[in-house]
Amino acid sequence: MTTIKRSDTIDLRSDTVTLPTEEMLEAIRNAELGDDVYREDPTVNRLEEMAAKKMGKEAALLVPSGTMANLVSLMSNTKRGDCVILEAESHIYWYEVGGISAIAGLLPWPIRGHMGALDPRDVEAAIRPKNIHFPDTTLVCIENTHNRAGGTVITPRQIEALSKVTREHGLKLYMDGARIFNAAVALKVDVREFTRHVDNLMFCLSKGLSCPIGSLVVGDSEFIERARRIRKILGGGMRQAGIIAAPGIIALEKMIDRLEEDHMNARILAEGIAKIDGLYVDLKRVQTNIVLVDVSGLGVDANTFIAELKKHGLLASYHSRTIVRMVTHYGIVREHIEKALTKIEEVAKYLRSQADS
Ligand SMILES: *Cc1c(COP(=O)(O)O)cnc(C)c1O
């Protein structure tokens, strides 16, 4: 196996590769700690209060990962055997090892959205009436920004329209807001514009906000009490978790506004790639820090393209057979984007020549 020195490589695989800032490391060193299972870690308590307040909800709960945040939330919003309506390309449905079924015991009911957004009419049509044959439909999940759709923003108005349907039918509305601050920064609105229409949500500290670990589940007090017990069942009760919470506090104070820079870099990257022969980018989907590149015009698949990029010191990730994903983040500055574009251009040129010969 070859190891690549970070300094030589431009890593656009994900915003999860971000490293903690000096200030975060300092905060970890100085964090006041206690046993969080006893709810005695003052740093965790402070982060959870901050997160709840920022989201305009009653309470919050720190969990180790976004995947656990979604699982805890699914289980806290439902009972085993319930039907959960979600978007067919959602992270919960694609990337969480089927935990929704394997652990939560739920029946996922996927509906195809438009650029990641569910149509309220489709949701309403999917809710089945009470009948001896049917599971109870109790929850609708949305994702914001929508990862597989290309980091697209689900607008507050779209969420509000969905919430009308869920409320009318007595369902809960949950938001996988792993990158919700990207959505808020993109639309230049307070994050509460998104959260006020959902019952509860999660967001990640470990992506664009650059923390090493952690996500927060946010909602009303009763929901968070249930979530706390379920986190414990899943083995997510942590002890001196203040070492995780301390950088989280820095993230909420200092790392949100700078997401704008990631969005600008993604835009420049996308526009540059769109000009390269054989590559296609749907620019209207480039709303935040994700760029999806269709390489089918080069006559190769995504994995071939990714392997060629890697030889040039550029890392990207697999999205689907002919689509490659690139994500901008705190470790990427404008200069990296210029270099990345040069590398992509070279690779595309090489692959075009291969196709011709
Ligand atoms: C990354 C991500 C998650 C899961 O987060 P992990 O910390 O990697 O488990 C959940 N939902 C979305 C939309 C994500 O992008």
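The values are calculated or read from the model by the stated rules, or taken from the named source; none is laboratory data. Values in this document were obtained by computation on a predicted structure and should not be read as measured data. Positions of Cβ are generated from backbone atoms using ideal geometry, with glycine treated the same way; all protein chains shown enter the neighbour counts. Heads up: the accessible areas ignore ligands, DNA and RNA and are worked out on the full protein's heavy atoms, side chains in. Shrake-Rupley method; radii C 1.70, N 1.55, O 1.52, S 1.80 Å.
In the range 58-69, is there at least one residue being open to solvent by less than 10 Å² (accessible area, probe 1.4 Å) and closer than 26 Å to HIS114 by Cα?
Within the range 58-69, the first condition is being open to solvent by less than 10 Å² (accessible area, probe 1.4 Å), and the residues that meet it are 60-63, 69.
Checking which are closer than 26 Å to HIS114 by Cα leaves us with 69.
Within the range 58-69, one or more residues are open to solvent by less than 10 Å² (accessible area, probe 1.4 Å) and closer than 26 Å to HIS114 by Cα.
Only residues that are closer than 18 Å to GLU143 by Cβ and in a helix (DSSP H, G or I): list them for the range 102-129, please. So that I can check it myself, show each step before the final result.
Taking the range 102-129 first, the residues closer than 18 Å to GLU143 by Cβ are 104, 106, 108-120, 122-123, 126.
PRO120, ASP122, VAL123, ALA126, listed by residue number.
Considering only the range 226-236, state which residues are outside any loop (DSSP other than H, G, I, E, B) and in contact (Cβ under 8 Å) with a residue 24 or more places away in the chain.
Within the range 226-236, the first condition is being outside any loop (DSSP other than H, G, I, E, B), and the residues that meet it are 226-233.
ARG226, ALA227, ARG228, ILE230, ARG231, LYS232 - these are the residues of the range 226-236 that are outside any loop (DSSP other than H, G, I, E, B) and in contact (Cβ under 8 Å) with a residue 24 or more places away in the chain.
What are the residues in the range 324-357 that are surrounded by fewer than 19 Cβ atoms within 10 Å (Cβ to Cβ) and not in a helix (DSSP H, G or I), if any? Spell out the reasoning first.
Step one: filter the range 324-357 for residues surrounded by fewer than 19 Cβ atoms within 10 Å (Cβ to Cβ), giving 331, 333-336, 338-339, 341-343, 345-346, 349-350, 352-357.
Listed by number, the residues that qualify are GLY331, VAL333, SER357.
Consider LEU71 against the criteria (1) among the hydrophobic types (A, V, I, L, M, F, W, C); (2) within 10 Å of the ligand (Cβ to nearest atom); (3) touching a Pro at 6+ places or on another chain (Cβ under 9 Å): it satisfies all of them except one. Which criterion is unmet?
Result: LEU71 fails condition (3) only.
Look at the range 229-245 and say how many of its residues are more than 20 Å from ILE100 (Cβ to Cβ) and either within 16 Å of the ligand (Cβ to nearest atom) or open to solvent by 10 Å² or more (accessible area, probe 1.4 Å) (or both). Walk me through it before giving the result.
Taking the range 229-245 as the starting set, the residues that turn out to be more than 20 Å from ILE100 (Cβ to Cβ) are 237-245.
Retained after the next criterion (residues that are either within 16 Å of the ligand (Cβ to nearest atom) or open to solvent by 10 Å² or more (accessible area, probe 1.4 Å) (or both)): 237-241, 243-245.
Counting residues in the range 229-245 that are more than 20 Å from ILE100 (Cβ to Cβ) and either within 16 Å of the ligand (Cβ to nearest atom) or open to solvent by 10 Å² or more (accessible area, probe 1.4 Å) (or both) gives 8.
Does any residue of the range 96-106 turn out to be within 12 Å of the ligand (Cβ to nearest atom) and crowded, with 24+ Cβ neighbours inside 10 Å?
There is no residue in the range 96-106 that is within 12 Å of the ligand (Cβ to nearest atom) and crowded, with 24+ Cβ neighbours inside 10 Å.
Out of MET50, MET115, which single residue is within 16 Å of the ligand (Cβ to nearest atom), open to solvent by 20 Å² or more (accessible area, probe 1.4 Å) and hydrophobic (A, V, I, L, M, F, W, C)? Give the derivation first.
On the way: MET50 fails: within 16 Å of the ligand (Cβ to nearest atom).
Exactly one residue qualifies, and that residue is MET115.
Which residue pairs have Cβ atoms under 6 Å apart, sit 6 or more places apart or on different chains, and have a first residue in the range 237-249 that is of a type in the set (A, V, I, L, M) and a second that is open to solvent by 10 Å² or more (accessible area, probe 1.4 Å)?
Listed by first residue and then by second, the contacts come to ILE243/ILE28; ILE243/ALA31; ILE244/ILE213; ALA245/THR43; ALA246/ALA27; ALA246/ILE28; ALA246/ALA31; ALA246/THR43.
Condition test on ILE142, is it within 16 Å of ARG192 (Cα to Cα) and surrounded by 15 or more Cβ atoms within 10 Å (Cβ to Cβ)?
Values: within 16 Å of ARG192 (Cα to Cα): yes; surrounded by 15 or more Cβ atoms within 10 Å (Cβ to Cβ): yes.
Spelling it out, ILE142 is indeed within 16 Å of ARG192 (Cα to Cα) and surrounded by 15 or more Cβ atoms within 10 Å (Cβ to Cβ).
Kindly indicate whether LYS79 is surrounded by 19 or more Cβ atoms within 10 Å (Cβ to Cβ), modelled with pLDDT of 95 or more, touching a Ser or Thr at 6+ places or on another chain (Cβ under 9 Å) and basic (Lys, Arg).
no
Please give the number of the condition LEU171 fails out of (1) in contact with a helix residue (DSSP H, G or I) (Cβ under 7 Å, 6 or more places away or on another chain); (2) aliphatic (A, V, I, L, M); (3) crowded, with 20+ Cβ neighbours inside 10 Å.
(1)
Return the residue satisfying two criteria in turn: it lies in the range 159-173 and is of a type in the set (Gly, Ala, Ser) and not in a loop (DSSP other than H, G, I, E, B), and of such residues it is farthest from LYS79 (Cα to Cα).
Once the filter is applied, the top-ranked residue is ALA161.
Can you go through LEU309, LEU259, LEU269, LEU298 and tell me which one is out of contact with any Asp or Glu (no Cβ under 8 Å at 6 or more places or on another chain), at pLDDT 95 or above, under 30 Å from ASN30 (Cβ atoms) and surrounded by 18 or more Cβ atoms within 10 Å (Cβ to Cβ)?
Numbers: LEU309 fails: under 30 Å from ASN30 (Cβ atoms); LEU269 fails: under 30 Å from ASN30 (Cβ atoms); LEU298 fails: under 30 Å from ASN30 (Cβ atoms).
Result of the check over LEU309, LEU259, LEU269, LEU298: LEU259.
Test each condition in (1) more than 14 Å from the ligand (Cβ to nearest atom); (2) within 19 Å of ILE244 (Cβ to Cβ) for SER206 and report the one that comes out false.
Only one criterion in (1) more than 14 Å from the ligand (Cβ to nearest atom); (2) within 19 Å of ILE244 (Cβ to Cβ) is unmet by SER206, namely (1).
Filter the range 82-94 down to the residues that are touching a residue at least 40 places away in the same chain (Cβ under 8 Å) and surrounded by fewer than 21 Cβ atoms within 10 Å (Cβ to Cβ), then identify the one that is nearest to the ligand (Cβ to nearest atom). Can you show your working first?
Residues of the range 82-94 touching a residue at least 40 places away in the same chain (Cβ under 8 Å): 82-87, 89-92, 94.
Keeping just the survivors that are surrounded by fewer than 21 Cβ atoms within 10 Å (Cβ to Cβ) gives 82-83, 89, 91, 94.
Values: ASP82: 20, CYS83: 20, GLU89: 10, HIS91: 3, TRP94: 9 Å.
Going through the qualifying residues, I end up with HIS91.
Restricting to the range 94-150, give me the number of residues that are closer than 28 Å to ASN289 by Cα and either in the same structural domain as SER317 (by TED's automatic domain parsing) or polar (S, T, N, Q) (or both).
3
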